[in-house]
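First the structure, in the form of structure tokens, and then the observations on it.
The values are calculated or read from the model by the stated rules, or taken from the named source; none is laboratory data. Note that the coordinates shown come from a computational prediction; the quantities given were computed from them, not determined experimentally. FYI the Cβ positions are ideal-geometry reconstructions off the backbone, even for glycines, and counts take in every protein chain you see. Ligands, DNA and RNA are excluded from the accessible area calculation, which covers all protein heavy atoms including side chains. Shrake-Rupley method; radii C 1.70, N 1.55, O 1.52, S 1.80 Å.
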Protein chains: 2
Amino acid sequence: MALRNAVLAALIDRESSGYDLAKRFRVSVANFWTSTPQQLYRELEKMEAEGLLTARVVKQEKRPDKRIFSVTLSGRDALRAFTQQDPKPTTVRDELLVQVEALAHADVPSVRESIRARIEQSRQRLDAYEKLLAEILGPRSHEEFLATGNRIGPYLTLSRGISFERENITWGELALSVLARRYP
Amino acid sequence: MALRNAVLAALIDRESSGYDLAKRFRVSVANFWTSTPQQLYRELEKMEAEGLLTARVVKQEKRPDKRIFSVTLSGRDALRAFTQQDPKPTTVRDELLVQVEALAHADVPSVRESIRARIEQSRQRLDAYEKLLAEILGPRSHEEFLATGNRIGPYLTLSRGISFERENITWGELALSVLARRYP
DNA sequence: GGCGCCTAGTCACTTTTTTTACTATGCAAC
DNA sequence: GTTGCATAGTAAAAAAAGTGACTAGGCGCC
């Protein structure tokens with residue numbers, strides 16, 4: 001019942017196939033909501049059955065046909081109603097931090113390697129987010145955009161994603177330097 | 001199967017009752033892993049049955065008796081083995097950001113209020129994390145601690161929590177200022 | 001002296017999420 | 001000429017997580 005709100009938010013400005021939506025979840029929505037493709041396909045079916053979405057089939061010649069989903073009026077109402085509710089507190093699940101919490105009882109070289117991988121992944125995400133943000137901004141400065149732009153919501157969520165990944169990188173580097181010092 | 005690693009990491013340096021553990025999850029572990037009390041009680045039972053934890057009953061006079069769990073040798077092994085695995089990528093679920101993503105279709109006053117509440121909550125968490133960090137540091141400076149302290153793991157995870165909550169506050173204030181400008 | 005919160009849980013049920021394994025076609029590289 | 005990757009999904013089962021209600025004594029407060 002919660003995934004559907006993220007789906008509505010993702011589809012409201014841009015209709016998508018399940019496959020496309022899964023890709024968008026992987027590269028940008030992941031910033032505030034994570035979901036597997038399977039979960040999305042199921043949710044899309046349910047949402048269509050409940051009238052929140054409509055689907056139209058697009059025939060393709062060189063590829064399998066696809067179904068493009070868009071938000072119905074009833075879906076819009078649901079989204080608006082959702083924005084009136086109290087959002088649940090953020091849930092985070094980060095296995096890397098669990099490993100770090102247990103550092104004194106851990107296999108330190110493995111953890112070190114995992115931190116490195118996390119830094120690398122955060123660099124890539126940061127890069128992707130910054131590109132998306134640049135697309136939203138177009139030729140405008142942040143100032144101009146904030147005064148006149150119309151994709152304020154995505155601008156703000158992307159900004160949050162960017163600062164999150166930056167902090168990941170900074171933190172990872174701190175962690176590596178501490179490890180280098182304490183577990184040479 | 002994933003919650004258990006967080007439980008092991010939380011119990012390895014300090015045995016706890018289920019109730020206490022739930023409190024610790026609420027106030028500090030939440031930083032990298034979220035869980036409800038029910039989930040914890042269930043997981044503790046299973047882990048005891050599998051020999052990862054042992055429980056001893058502590059009789060209390062003015063309160064209900066409690067069962068204190070601690071990590072067994074087998075639990076230690078499991079924790080170490082976990083630190084050798086590739087951590088799964090972070091999963092985040094943040095309804096507030098979903099609401100913000102859908103800003104153009106949202107009930108803006110409600111969202112504004114939710115952002116305010118988030119800022120307030122982050123302030124409180126920041127405060128709590130900083131106090132915990134001060135406890136870990138004791139009278140030492142960060143420098144001294146990093147060179148000689150022994151709770152490096154918790155230091156690092158708390159640091160991550162602190163920067164996360166700071167960024168939440170900064171982001172929330174940016175979001176409010178944008179809203180004030182665009183939806184007066 | 002009643003209200004509500006704190007401690008310390010248990011039980012039953014429902015929902016959500018994850019995992020694993022399938023079906024197909026097309027394209028590029030080797 | 002087959003291996004691997006991208007597109008575009010479906011199905012079923014198992015595991016994990018979340019919700020709500022309940023027990024029961026103690027404490028403080030007004």
| What's the local net charge at B:Glu101, with K and R +1, D and E -1, over the other residues with C-beta under 11 Å away? | -1
| Solvent-accessible area of A:Phe32 with every protein chain in place, 1.4 Å probe, in Å² to the nearest 10 | 10 Å²
| Net charge dipole size for region A:95-182 [Lys, Arg +1 and Asp, Glu -1 on Cβ; Debye, nearest 20] | 80 debye
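Helix-only estimate, please: 222 nm mean residue ellipticity of chain A, summing -39500 (n - 2.57) across DSSP H runs of length 4 or more and dividing by its residues, to the nearest 500.
Calculated at 222 nm, the ellipticity per residue is -21000 deg cm²/dmol.
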| How many nm separate the modelled label positions at B:Ala49 and B:Arg166, each set 7 Å beyond the Cα in the direction of the Cβ? | 4.5 nm
| Rank B:Arg125, A:Arg166 by accessible area, highest first, at a 1.4 Å probe radius? | A:Arg166, B:Arg125
| query | Looking only at B:Val98, B:Val27, B:Val71, which one moves most when chain B is put into a Gaussian network model with springs between Cα atoms under 10 Å? | reply | B:Val98
| query | Just how far, in whole angstrom, is region A:19-40 from region A:103-160 if you go by their alpha carbon centroids? | reply | 16 Å
| query | Cβ under 10 Å from A:Phe82's Cβ, A:Phe82 left aside: what net charge do those residues give with Lys, Arg +1 and Asp, Glu -1? | reply | -1
| request: Return the distance in nm (one decimal) between the two label points of a simple spin-label model at B:Thr72 and A:Gln124, each offset 7 Å from Cα along Cα→Cβ. | output: 4.0 nm
| remark: Under 25 Å between C-alpha atoms, the lysine pairs in region B:1-138 lying 8 or more places apart or on different chains count 8
| task | For B:Lys88, place a label point 7 Å out from Cα along the Cα→Cβ vector, do the same in each other copy, and report the separations in nm, one decimal, smallest first. | result | 1.6
| message | Using a loss threshold of 50 Å², tell me which positions in region A:104-138 are less accessible in the complex than in their chain alone. Probe radius 1.4 Å, ligands and nucleic acids ignored. | response | A:His105, A:Asp107
| field | Rounded accessible area of B:His105 (nearest 10 Å², 1.4 Å probe) | value | 40 Å²
| message | Could you compute how much accessible surface B:Asp65 exposes when probed at 1.4 Å, giving the result in Å² to the nearest 10? | response | 80 Å²
| said: Tell me the carbon and sulfur percent of the accessible area for the protein assembly as shown, rounded to whole percent, probe radius 1.4 Å. | reply: 52 percent
| Based on the Cβ-Cβ distance from A:Asp107 to A:Glu173, what FRET efficiency comes out when R0 is 22 Å, to the nearest 0.05? | 0.60
| request: Jot down the radius of gyration and Dmax of region B:3-84, Cα atoms only, both in angstrom. | output: 12.4, 44
